[in-house]
Amino acid sequence: MDHFLYRNGVLHAEDVPVPRIAAAVGTPFYCYSTATLTRHFRLFDEALAGTDHLVCYAMKANSNQAVLRLMADLGAGVDVVSGGEYARAVAAGFPGDRIVFSGVGKTRAEMRAALSGGIRQFNLESEPEMLALNEVALSLDKVAPVTVRVNPDVDAKTHEKIATGKAENKFGIPIARAREVFAEAAALPGLRVVGVDVHIGSQLTDLEPFRQAYRKVAGLTEALRADGHRIDRLDLGGGLGIPYERSNTAPPLPVEYGDMIKRELAGLGCEIEIEPGRLIAGNAGILVSGVIYVKSGEGRDFLILDAAMNDLLRPAMYGAYHDIVPVAEPGPGVDQHPYDVVGPVCETGDTFARQRDLPPLAAGDLVAFRSAGAYGAVMASEYNTRPLIPEVLVKDDQFAVIRRRPDFDEIINRDTIPPWL
Ligand code: LLP
């Protein structure tokens, strides 16, 4: 469920007509709903009610400061994967003890920054990383709280580019070697082992792979405790999928996910952390774009939009499906027309959808890409020197630009021409 609905024939974001925002900021732009973001965080929080838990929002999905401040105020923790994301978390007001640091290759500089600024835990992904963190912690006279991310060798049954839990993937430590690695970690004076971490992939639409992974983590936890480790915390990662295509069966709900977690793991008495990103932000955002031209090709019509692959990369990168809807609600009985929906970038990959049925559209009309709040703005680039597009946050009948569009001078002035040229 989200808060982008037609009212009086016009798509609204909460109580704000989308064309009003378009008139104020120009297209294309991202638009997020405070109510949907809030609702999705609460769904997870409530799904784990009754167990000690922290929902750590994976900010890689959408790291705008306003979104982060909202999450921080709701009591969320946050999952970061770079020094930049750590700085964003701190700037948005997350206390260090609610920041979890994940990522395959944390640098010493990133470790130093997080240890100095405050951190809930590092999720370690390899032995070399473990040794580096030990050294950094000792040099700062600190002890770093850590989990070790295990790779459970489970098929997440999702797109190959976002599956992370198979043995051939670069993530974590093979679960078969986990006891050995935990023993090494426990022997290092700069580290304090607090738990086990796992994350098997993103956009999972079935609970079974999660269940398999969590069962393996439960077994490992018992073995580690028998080895004398204090395992107080389980970080179960993110990955619960969202319905991109309305005709498909809906993925499991957070409450079903939470019930499964409790069934599989409650007996261990650990604090549970989860790291959802997409489910919190995905359907809380749309990308609004204007039609520049409608071009008739050989046997097909192209809808040429002012948004392009640099603004929303997912279709080009993963062949991802995003629902595209006209901002003006089509009247009853309007015949659909198949369009190839494309952007102006000079690549065939800059195609959002082929032969997508839409009501007849004309230059100047507005369309909205649904489910664009996660992995949209954060993956954008300025390819073709197209400025990063604005982000807008709506709350009830108010809206605010939460990232403005840079002008061409700002972009050009980031380059420097060497004096010797
Ligand atoms: N925790 C870790 C360690 C992760 O690597 C990820 C996502 C998450 C949590 C959040 O997963 P989520 O709940 O959002 O599924 N750019 C891709 C998605 C990449 C996901 C990477 N890791 C896309 O647009 O589909």
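Considering Asp409, Asp340, which residue is outside any loop (DSSP other than H, G, I, E, B) and touching a Phe, Trp or Tyr at 6+ places or on another chain (Cβ under 7 Å)?
Result of the check over Asp409, Asp340: Asp340.
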Just one listed residue, out of Glu391, Glu329, is closer than 21 Å to Arg7 by Cα, among the acidic types (Asp, Glu) and surrounded by 12 or more Cβ atoms within 10 Å (Cβ to Cβ), and it is Glu329
Which number in (1) farther than 16 Å from Gly238 by Cα; (2) more than 14 Å from the ligand (Cβ to nearest atom) marks the one condition that Leu48 misses?
(1)
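Within the range 384-406, track down each residue that is part of a loop (DSSP other than H, G, I, E, B) and of a type in the set (Val, Ile, Thr). Show your work before the answer.
As a first pass, look at the range 384-406 and keep what is part of a loop (DSSP other than H, G, I, E, B): 386-390, 396-397, 404-406.
Ile389 - this is the single residue of the range 384-406 that is part of a loop (DSSP other than H, G, I, E, B) and of a type in the set (Val, Ile, Thr).
Can we say Leu131 is in the same structural domain as Asp197 (by TED's automatic domain parsing) and either within 15 Å of the ligand (Cβ to nearest atom) or open to solvent by less than 10 Å² (accessible area, probe 1.4 Å) (or both)?
Considered against the rule, which asks whether it is in the same structural domain as Asp197 (by TED's automatic domain parsing) and either within 15 Å of the ligand (Cβ to nearest atom) or open to solvent by less than 10 Å² (accessible area, probe 1.4 Å) (or both), Leu131 comes out as no.
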Looking at this structure, is Gly343 within 28 Å of the chain's Cα centre (by Cα), in contact (Cβ under 8 Å) with a residue 40 or more places away in the chain and surrounded by 19 or more Cβ atoms within 10 Å (Cβ to Cβ)?
no
What pairs can you find where one residue is in the range 185-214 and assigned to a strand (DSSP E or B), the other is among the acidic types (Asp, Glu), and their Cβ atoms are less than 7 Å apart, with a gap of 6+ or different chains?
Val194/Asp232; Gly195/Asp232; Gly195/Asp235; Asp197/Asp235
Quick check on my filter: what residues within the range 346-355 are open to solvent by 10 Å² or more (accessible area, probe 1.4 Å) and not in a strand (DSSP E or B)?
Cys346, Glu347, Thr348, Gly349
Can you report the number of residues in the range 52-98 which are within 13 Å of the ligand (Cβ to nearest atom), of a type in the set (Val, Ile, Thr) and open to solvent by less than 20 Å² (accessible area, probe 1.4 Å)?
3
Within the range 264-290, how many residues are open to solvent by 20 Å² or more (accessible area, probe 1.4 Å) and either among the hydroxyl-bearing types (Ser, Thr, Tyr) or touching a strand residue (DSSP E or B) at 6+ places or on another chain (Cβ under 6 Å) (or both)?
1
Of the residues in the range 1-15, those that are surrounded by 14 or more Cβ atoms within 10 Å (Cβ to Cβ), more than 25 Å from the chain's Cα centre (by Cα) and assigned to a strand (DSSP E or B) come to Tyr6, Val10
Check off (1) of a type in the set (A, V, I, L, M, F, W, C); (2) within 16 Å of Ala178 (Cα to Cα); (3) away from the ligand (no atom under 16 Å from the Cβ) for Leu234 and give me the number that stays unchecked.
(3)
Give me the residue from the range 152-183 that is open to solvent by 80 Å² or more (accessible area, probe 1.4 Å) and within 14 Å of the ligand (Cβ to nearest atom) and, out of that set, nearest to Ile231 (Cα to Cα).
Lys170
Could you run through the range 257-309 and say how many residues are without any contact (Cβ under 8 Å) to a residue 60 or more places away in the chain and within 16 Å of the ligand (Cβ to nearest atom)?
1
Against the condition small (Gly, Ala, Ser), more than 16 Å from the ligand (Cβ to nearest atom), at pLDDT 95 or above and in a strand (DSSP E or B), how does Ala368 come out, does it pass?
yes
Per the filter on the range 195-224, residues more than 11 Å from the ligand (Cβ to nearest atom), of a type outside the set (S, T, N, Q), in contact with a helix residue (DSSP H, G or I) (Cβ under 6 Å, 6 or more places away or on another chain) and open to solvent by less than 20 Å² (accessible area, probe 1.4 Å) are Val196, Tyr214, Ala218, Leu220, Leu224
Taking the range 99-110 as the search range and keeping residues that are among the hydrophobic types (A, V, I, L, M, F, W, C) and surrounded by fewer than 23 Cβ atoms within 10 Å (Cβ to Cβ), which one is farthest from Val146 (Cα to Cα)?
Ala109
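The values are calculated or read from the model by the stated rules, or taken from the named source; none is laboratory data. As the structure is a prediction and not an experimental result, all values here were calculated from the model. With ideal geometry, Cβ positions are generated from the backbone for all residues, glycine too; neighbour counts draw on all protein chains shown. For accessibility, only protein heavy atoms count, side chains too; no ligands or nucleic acids. Shrake-Rupley method; radii C 1.70, N 1.55, O 1.52, S 1.80 Å.
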